[in-house]
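These notes concern the structure reproduced below.
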Amino acid sequence: MRFLTILFCVGAPVFAADALPSSRLVDLARANPNSAEFHDALVSTLGEANIQKGVAWAGGGPDFIFAVETGNTPTIFIDHEEQGHAMSRVRDGNLWFYATQLVTGTEHSFVYSIAGADFGGRADMPAYLSESFSQPGVPQGQLSEKLINTSKIYPGMKSDYWIYVPAAYDPKVPAALMVWQDGQGMIARDGATHTLNVVDNLIYQKAIPVMIQVFISPGLVGDKRMRSIEYDSMNDVYARFLRDEVLPEVYAKYNIRRDGYSRGISGSSSGGICALNAAWRQNDQFTRVWSRIGSFTSIQWHPGELDGGNVFPFLIRKTPKKNIRVWLQDGEEDLENRFGSWPLQALQMTNSLKMMDY
């Protein structure tokens, strides 16, 4: 079972009601960049405030467009290039734009140079692969309505979750399983992660098996948010919550493979350590882990009572190798605070896994 590879971004632009898709905006820029239609579409799509701040962009892959408002002539630098790009003025005003194509399958960054000084910019622009978009002829699966689990393991906790069933699912054939933490952010088909499109396309390509997706949101006890308690605690409580409470509700509806080899679990930040910890505690349930910017730090460390995620690298080194395949990702500019250093802990995790032949 191959893992899905999806590009995530928390900083995707928010479009206004009159917004256009980035590809259409680029078409307008190429056809008639001095038209009132293009000017109005650029402002309504990218947002006047973002344009003035120098952080406005639209794109997805491969077409991108940038805009900034300034009385001086701006130059845009993309991905730390030494040579910048001249921008074009819109209708003899102070609005400037630049349209281009960028390499897909990665993230990009940009910054402006105005009057010799850096201005604005972003470092989190995803350029999606074609698998992130709906493709002609590829059947789409079905997302369930919001389901609610009321936990006994976390007394009184209510958790929203959704089940995505691929079009190729056959109730007579057990399907693979993927469980996503912070799943509420992944259920919009054309949202920031494009997860449903990726699942449909890769199953259709037979790059991954037919795979039921379970998207779980962090729970609430009354008004108390339980995310960190669930995700950052170095114990087996969340793993038992999945095994004994959530997944039996899924099994009651769908035919799911029960071997850990056919099941993956994923999360980002605190959800990233949660994913690895769940597989670590219950290797018979999950053997495939995708951890993005995992919080292997001391967020839920209570000295003398409960270990924090900061001990995970040493736990790996001192425990016989488990049957786990793990994919870790972090960035050099990730958090550094009183709980620890995310980049340094990611390196510790990587080195520990390597040392133990994972």
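The values are calculated or read from the model by the stated rules, or taken from the named source; none is laboratory data. The structure presented is a predicted model; accordingly, all values stated were derived computationally and were not measured. So basically every Cβ, Gly included, is an ideal-geometry build from the backbone, and we count neighbours across all protein chains shown. All accessible areas refer to the heavy atoms of the entire protein, side chains included, with ligands and DNA or RNA removed. Shrake-Rupley method; radii C 1.70, N 1.55, O 1.52, S 1.80 Å.
Counting only strands (runs of 3 or more DSSP E) that fall entirely inside the stretch 43-110 and contain at least 2 residues that are more than 21 Å from the chain's Cα centre (by Cα) and surrounded by fewer than 19 Cβ atoms within 10 Å (Cβ to Cβ), the qualifying elements are 74-78, 95-101.
Looking at this structure, is residue 120 touching a Lys or Arg at 6+ places or on another chain (Cβ under 8 Å), at positive phi and touching a residue at least 60 places away in the same chain (Cβ under 8 Å)?
On the way: touching a Lys or Arg at 6+ places or on another chain (Cβ under 8 Å): yes; at positive phi: yes; touching a residue at least 60 places away in the same chain (Cβ under 8 Å): yes.
Answer is yes for this residue.
Only one entry in 179, 198 is within 19 Å of residue 250 (Cα to Cα), in contact with a helix residue (DSSP H, G or I) (Cβ under 7 Å, 6 or more places away or on another chain), open to solvent by less than 10 Å² (accessible area, probe 1.4 Å) and of a type in the set (Val, Ile, Thr), namely 179.
Can you tell me which of 153, 187 is in a loop (DSSP other than H, G, I, E, B), free of Cβ contacts under 8 Å to residues at least 60 places away in the same chain and either within 22 Å of residue 270 (Cα to Cα) or open to solvent by less than 40 Å² (accessible area, probe 1.4 Å) (or both)?
On the way: 153 fails: free of Cβ contacts under 8 Å to residues at least 60 places away in the same chain.
Exactly one of 153, 187 is in a loop (DSSP other than H, G, I, E, B), free of Cβ contacts under 8 Å to residues at least 60 places away in the same chain and either within 22 Å of residue 270 (Cα to Cα) or open to solvent by less than 40 Å² (accessible area, probe 1.4 Å) (or both), namely 187.
Could you check, for the stretch 317-337, whether at least one of its residues is in contact with a helix residue (DSSP H, G or I) (Cβ under 9 Å, 6 or more places away or on another chain), small (Gly, Ala, Ser), surrounded by fewer than 17 Cβ atoms within 10 Å (Cβ to Cβ) and closer than 30 Å to residue 108 by Cβ? The answer is yes; a qualifying residue exists. If I ask for residues that are surrounded by 19 or more Cβ atoms within 10 Å (Cβ to Cβ) and either under 18 Å from residue 195 (Cα atoms) or among the aliphatic types (A, V, I, L, M) (or both), which ones from the stretch 117-128 would you list? Across the stretch 117-128, the qualifying residues are 125, 126, 127, 128.
Quick one: in the stretch 131-146, which of the residues that are in contact with a strand residue (DSSP E or B) (Cβ under 9 Å, 6 or more places away or on another chain) and in a loop (DSSP other than H, G, I, E, B) is surrounded by the most Cβ atoms within 10 Å (Cβ to Cβ)?
Taking the stretch 131-146 and keeping what is in contact with a strand residue (DSSP E or B) (Cβ under 9 Å, 6 or more places away or on another chain), we get 132, 141-146.
From what's left, in a loop (DSSP other than H, G, I, E, B): 141, 144-146.
Details: 141: 20, 144: 15, 145: 6, 146: 12.
The selected residue is 141.
Scanning the stretch 323-342 turns up one or more residues that are touching a strand residue (DSSP E or B) at 6+ places or on another chain (Cβ under 8 Å), farther than 27 Å from residue 170 by Cβ and assigned to a helix (DSSP H, G or I).
Against the test of being open to solvent by 10 Å² or more (accessible area, probe 1.4 Å) and in contact with a helix residue (DSSP H, G or I) (Cβ under 7 Å, 6 or more places away or on another chain), the options 248, 218, 209 yield a single qualifying residue, 218. Looking only at the stretch 191-212, decide whether some residue is of a type in the set (A, V, I, L, M, F, W, C), at pLDDT 95 or above and within 30 Å of residue 297 (Cα to Cα). Looking for residues that are of a type in the set (A, V, I, L, M, F, W, C), at pLDDT 95 or above and within 30 Å of residue 297 (Cα to Cα), one finds none in the stretch 191-212, hence no.
Quick check, is residue 232 of a type in the set (Asp, Glu), farther than 22 Å from residue 134 by Cα and in contact with a Cys (Cβ under 9 Å, 6 or more places away or on another chain)? Reasoning before the result, please.
Working: of a type in the set (Asp, Glu): yes; farther than 22 Å from residue 134 by Cα: yes; in contact with a Cys (Cβ under 9 Å, 6 or more places away or on another chain): yes.
So residue 232 passes the test.
Here residue 279 passes the criteria (1) surrounded by fewer than 19 Cβ atoms within 10 Å (Cβ to Cβ); (2) in contact with a strand residue (DSSP E or B) (Cβ under 9 Å, 6 or more places away or on another chain); (3) assigned to a helix (DSSP H, G or I) except the one numbered (1).
I need a count of the residues in the stretch 203-253 that are of a type in the set (Ser, Thr, Tyr) and outside any helix (DSSP H, G or I). Walk me through how you get there before you give the answer.
The first filter runs over the stretch 203-253 and keeps only residues of a type in the set (Ser, Thr, Tyr), leaving 204, 217, 228, 231, 233, 238, 251.
Add one more test, that the residue is outside any helix (DSSP H, G or I), and what stays is 217, 233.
Qualifying residue count, the stretch 203-253: 2.
Considering only the stretch 255-267, I want to know if a residue exists there that is of a type in the set (Phe, Trp, Tyr) and under 17 Å from residue 307 (Cα atoms). No.
How many residues, within the stretch 251-265, are farther than 18 Å from residue 163 by Cα and surrounded by 17 or more Cβ atoms within 10 Å (Cβ to Cβ)?
Looking only at the stretch 251-265, we keep the residues that are farther than 18 Å from residue 163 by Cα, and these are 259-261.
Imposing the further condition that a residue be surrounded by 17 or more Cβ atoms within 10 Å (Cβ to Cβ) reduces the set to 260.
So the answer is 1.
Checking the conditions here, which among 132, 144 is among the hydroxyl-bearing types (Ser, Thr, Tyr) and in contact with a Gly (Cβ under 9 Å, 6 or more places away or on another chain)? First the steps, then the outcome.
Details: 144 fails: in contact with a Gly (Cβ under 9 Å, 6 or more places away or on another chain).
Within the list 132, 144, the selection yields 132.
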